[in-house]
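Below: the structure, in structure tokens.
All of the numbers you see were taken from the coordinates with simple rules; none came from a lab. This is a predicted model, so every value here is computed, not measured. Because the Cβ atoms are built from the backbone with ideal geometry, glycine has one as well, and the counts that use them run over all protein chains shown.
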Amino acid sequence: MMDRIDTVGTADTHLLRHRIEQLQLDYVHALDKGELDRWPGFFTERCLYAIVARDDMERGQELGVMRFESRAMLVDRVNATQHAAVFAPRTLCHVLSGTSIEAVDADGIRSRTNVAIYQTSPDGDTLLLMAANYRDKTVEIDGKLLFKEKRVIYDTLRLPDSVVNPL
């Protein structure tokens, strides 16, 4: 049974939202600085990371641009991106909204954060890569919040370029 967030005390809700927003900021700052080695550390060992179009998600087809189901798979992606993949380097810039806590239960904290992700190419052109939202399930392990699930659900109908780095 899932408890609605309104069953949590107001002070607890504010603290929880603040902690999750700080996790989101740490996450996007690592990605924006190109610190891909840090990316897997934001997740639990058994996790889900997926980038999926909103219309596919609404049809129950969670096929996507990327899908990984463990921290080990995230590490593999980092290694492939840094050592095997051939692509023009690019810089990302995430712009986040505030986070909405949707539910808290024994399995974790469900939250949603809107995000606009901009990409700058080597020639200096910046464009909107995607408008999306993060739909997350976060858990606390040894006093630290980690993502158990992170779905990047994007609205953009046509991605302007290949998606190489995690978002």
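Once all Cα-Cα distances of the chain are split into 10 Å bins that start at 0, what whole-number percent is in each one?
10, 38, 37, 13, 2, 0
Using 0.36 nm per residue of separation minus the Cα-Cα distance, give me the extension gain between Q82 and R67 in nm, one decimal. Kindly include the intermediate steps, with their values, before the conclusion.
Numbers: separation 15, 0.36 × 15 = 5.40 nm, distance 1.81 nm.
That pair, Q82 and R67, stretches by 3.6 nm at full extension.
Which of the peptides 148-154, 112-118 is most tightly packed, and how do the rest follow, judged by the mean count of other Cβ atoms within 10 Å per residue? Mind dumping the intermediate values first?
Numbers: 148-154: 21.6, 112-118: 17.4.
The most tightly packed comes first, giving 148-154, 112-118.
Near G64, within a Cβ-to-Cβ distance under 10 Å, what is the net charge of the other residues, with Lys and Arg +1 and Asp and Glu -1?
Once positives and negatives cancel, what remains is 0.
Could you work out how far apart the two model spin labels at E45 and L159 are, taking each label as a point 7 Å from the Cα in the direction of the beta carbon, and quote it in nm?
3.0 nm
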